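What follows is calculated from the coordinates using simple rules that are stated; it is not laboratory data. These numbers come from a predicted model, not from an experiment. Cβ sites come from the backbone with ideal geometry, for glycine too, and all protein chains shown count toward neighbours.
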Amino acid sequence: MSGNYYRTGQLARLCGLTERTIRYYDELGLLKTKKKTRGGQRIYTDSDLVYIKRIIELKSLSFSLEEIKRIINLAGEDETGEKRRAVLLDNYKSKLREAEKKKKAAEEEIAQLDWHIRQLEKAGGSFKDCPGSLCSSCSFKENCSFKQS
């Protein structure tokens with residue numbers, strides 16, 4: 001047998017995960033190894049290390065473990081990897097669209113916070129005072145909920 005072999009703790013340290021996480025991934029069927037020591041401890045291979053690093057990468061891109069499991073399980077019906085590539089491509093595009101929506105929402109929130117900061121700095125006076133009295137000269141009046149008709 002060639003390649004490296006790792007016990008659960010070793011694999012966890014290499015990946016920056018806990019042993020419990022490794023066992024959980026194993027329980028979910030995300031790892032393919034069936035090797036065990038004579039004492040019954042799992043022995044993981046370099047291939048398992050690669051799978052875990054893929055899992056970590058996909059999780060960092062907001063993939064759920066269920067999505068990751070579906071992709072990994074395609075291996076049984078996809079010797080060429082083409083099906084997995086296509087599924088990953090679709091998933092990446094979907095995640096990109098979601099991220100762009102979140103980015104737009106964050107930019108809108110930033111603009112609103114910036115507007116409120118500038119509006120409060122310009123208005124002066126007490127917090128209780130309605131800044132609506134400044135509407136005629138206010139450069140923020142289009143967005144102001146205090147503006148007077």
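A few notes on this one:
- Ellipsoid semi-axes in whole angstrom, largest first, where each is sqrt(5λ) of the Cα gyration tensor of segment 1-71: 21, 12, 11
- Take the Cβ atoms of E98 and T21, set R0 to 35 Å, and the FRET efficiency comes out at 0.90.
- Inter-site label distance for E82 and L65 at 7 Å from Cα along Cβ, in nm: 3.3 nm
- Taking R42, R97, R70 and counting other C-beta atoms within 10 Å, the order from fewest to most: R97, R70, R42
- Pairwise FRET efficiency - T37 versus D114, Cβ, R0 = 41 Å, nearest 0.05: 0.10
- The 3J(HN,Hα) values that the Karplus relation (6.51, -1.76, 1.60; θ = phi - 60°) gives for segment 25-34 are, in residue order, 4, 5, 4, 6, x, 7, 10, 9, 5, 10 Hz. Gly and Pro appear as x.
- Percentage relative contact order, segment 9-101, counting C-alpha pairs under 8 Å, at least six apart: 18 percent
- Cross-link pairs K32/K53; K59/K102; K83/K104; K59/K103 - those with Cα-Cα distance over 23 Å: K83/K104
- Cut-off 14 Å between beta-carbons: net charge of the residues surrounding K104, Lys and Arg +1, Asp and Glu -1: -1
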